[in-house]
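Trainee: Just passing along the structure, written as structure tokens.
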Amino acid sequence: MQLSIRNLSKRYANGVQALDNVSLDIAPGMFGRLGPNGAGKSTLMRTLATLQEADSGTATLDDIDVLRDKDRVRRLLGYLPQEFGVYPKVTAAEMLDHFARLKGLTNSKARRATVDALLERTNLAAVRKQKLGGFSGGMRQRFGIAQALIGNPKLIIVDEPTAGLDPEERVRFHNLLADIGHDVIVILSTHIVDDVSDLCPTFAVISKGRVILAGQPREAIARLGGKIWRRVVDREELASARSSLPIISTRLQSGRTVVRAYADSAPGPGFDPVEADLEDVYFSAVAGHLAPEPTAVAA
């Protein structure tokens, strides 16, 4: 099964071009979508999840027209949106049973077995009778994945799933995503670069509604070999450095301001060469230093 997106565009009534000729090919496995807030990631995810219309372009899941044959897509879809609401006074087992009914599991015995298996898989079996209002953020996200897995979907979309999770829950959620991302297409839309680096063999960067980079993380990192430079600057120097040097990112480390720059050679005194990582790829692409690559095929 493959998801093929061609020239997908969407402009909102307020004039914002959320998607601008987006084209991607995505095969089974984990596929990461990176981009700043407002880049168009969520618009693309909602469009693929049949929740809103595109202005133009196509999207097909094998022989299924995603934009027109929505009922058929929904039977093969698992979706965890960025904002996932629950009924706080309903237990996990009850809510999952309700979702299973909505997915068409009418046989009570089969439905009970499905609910039990999903709660076990998401490590929620011990809290099956706990009301969802008492769930932590991480437990709620794992419950969101449980409902997304009902019906053995072939396409799973998760939108910003680890935002706000503590480190332990984030690792647990990563392990869960990695477990399900073998035989189905899993699209992970996020602004957290480490999530993509840890989980996804293929990825794309979207900015201002356009795909500006796509491919494999290791190959994208290799393109930056010898081009990333690091220097510690005083806070008073930061504004000047940003205006006069090809700075792609800044961060505080142990109370010091560390800047990273993209350049073929040392961009100034005090800069040392460093190994690039996927975060450097992301910032370099958003800054326009890496040439656009319009399509990607997941391995």
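Any read-out appearing in this document is the output of simple, stated calculations on the displayed coordinates, not a laboratory observation. Not measured: the values here are computed from a predicted model. Cβ: placed from backbone, ideal geometry, glycine included. Neighbour counts: every protein chain shown.
Trainee: I need the phi-derived Karplus couplings for the stretch 187-199: 6.51 cos²θ - 1.76 cosθ + 1.60, θ = phi - 60°, integer Hz, Gly and Pro marked x.
Mentor: For the stretch 187-199, the Karplus curve yields 9, 9, 9, 7, 10, 8, 4, 4, 4, 5, 4, 6, 10 Hz.
Trainee: While we're looking at this one, here's another question. Within a Cβ distance under 15 Å of residue 249, other residues only, what is the Lys/Arg minus Asp/Glu net charge?
Mentor: Here the charged neighbours net out to +2.
Trainee: Next up: List every residue whose amide H lies under 5 Å from the amide H of residue 82, counting only residues 5 or more places away in sequence or on a different chain, with H placed 1.01 Å from N in the peptide plane.
Mentor: Residues meeting the amide H criterion: 159.
Trainee: Using Cα pairs closer than 8 Å and at least 6 residues apart in sequence, work out the relative contact order for the stretch 62-216, in percent.
Mentor: 25 percent
Trainee: Order these by the 10 Å Cβ neighbour count, fewest first: 259, 281, 184. Could you put the intermediate results ahead of the total?
Mentor: Working: 259 21, 281 29, 184 18.
Exposure proxy ranking, most exposed first: 184, 259, 281.
Trainee: Still on this structure, I have one more. Compute the Kirkwood hydrodynamic radius of the stretch 226-274, taking the inverse of the mean of 1/r over all pairs of distinct Cα atoms, and give it in Å to one decimal. Before the final figure, lay out each step's value.
Mentor: Values: mean 1/r = 0.0941 Å⁻¹.
One decimal place: 10.6 Å for the Kirkwood radius.
Trainee: Quick check: from the Cα gyration tensor, does the stretch 72-179 come out rounded (a/c under 1.5), prolate or oblate?
Mentor: oblate
Trainee: Continuing with this model, one more query. What does the charge count near residue 185 come to, summing +1 for each Lys or Arg and -1 for each Asp or Glu among other residues with Cβ under 13 Å from its Cβ?
Mentor: With Lys, Arg at +1 and Asp, Glu at -1, the neighbours total -1.
Trainee: Sort 172, 235, 242 so the one with the fewest other Cβ atoms within 10 Å of its own Cβ comes first.
Mentor: By the 10 Å Cβ count, ascending: 235, 242, 172.
Trainee: Gaussian network model of the chain, Cα springs within a sub-10 Å range: biggest mean-square fluctuation belongs to which of 126, 100, 92?
Mentor: 126
Trainee: For the chain, what is the calculated [θ] at 222 nm in deg cm²/dmol (nearest 500), taking -39500 (n - 2.57) for each run of four or more DSSP H residues and dividing by its residue count?
Mentor: -9500 deg cm²/dmol
Trainee: Based on DSSP, what percent of beta bridges with both residues in the chain are antiparallel, to the nearest 5?
Mentor: Just about 60 percent of them are antiparallel.
Trainee: Hull surface divided by four, with the convex hull built on the Cα atoms of the chain: how many nm²?
Mentor: If I average the Cα hull's projected area over directions, I get 17.5 nm².
Trainee: List the relative contact order of the chain as a percent without decimals, with contacts defined as Cα pairs under 8 Å and 6+ residues apart.
Mentor: 24 percent
Trainee: Fewest first, what order do 95, 30 take by the number of other Cβ atoms within 10 Å?
Mentor: 95, 30
Trainee: Starting from the Cα gyration tensor of the stretch 35-104, take the square roots of the eigenvalues, sort them a ≥ b ≥ c, and report rounded, prolate or oblate (rounded when a/c is under 1.5, otherwise prolate if a/b is larger than b/c, else oblate).
Mentor: oblate
Trainee: Among rounded, prolate and oblate, which fits the stretch 7-71 when a ≥ b ≥ c are the square roots of the eigenvalues of its C-alpha gyration tensor, a/c under 1.5 means rounded, and a/b larger than b/c means prolate? Each step should come with its number before you reach the end.
Mentor: Details: a/c = 1.93, a/b = 1.23, b/c = 1.57.
Taking the square roots of the gyration eigenvalues as a ≥ b ≥ c, the stretch 7-71 is oblate.
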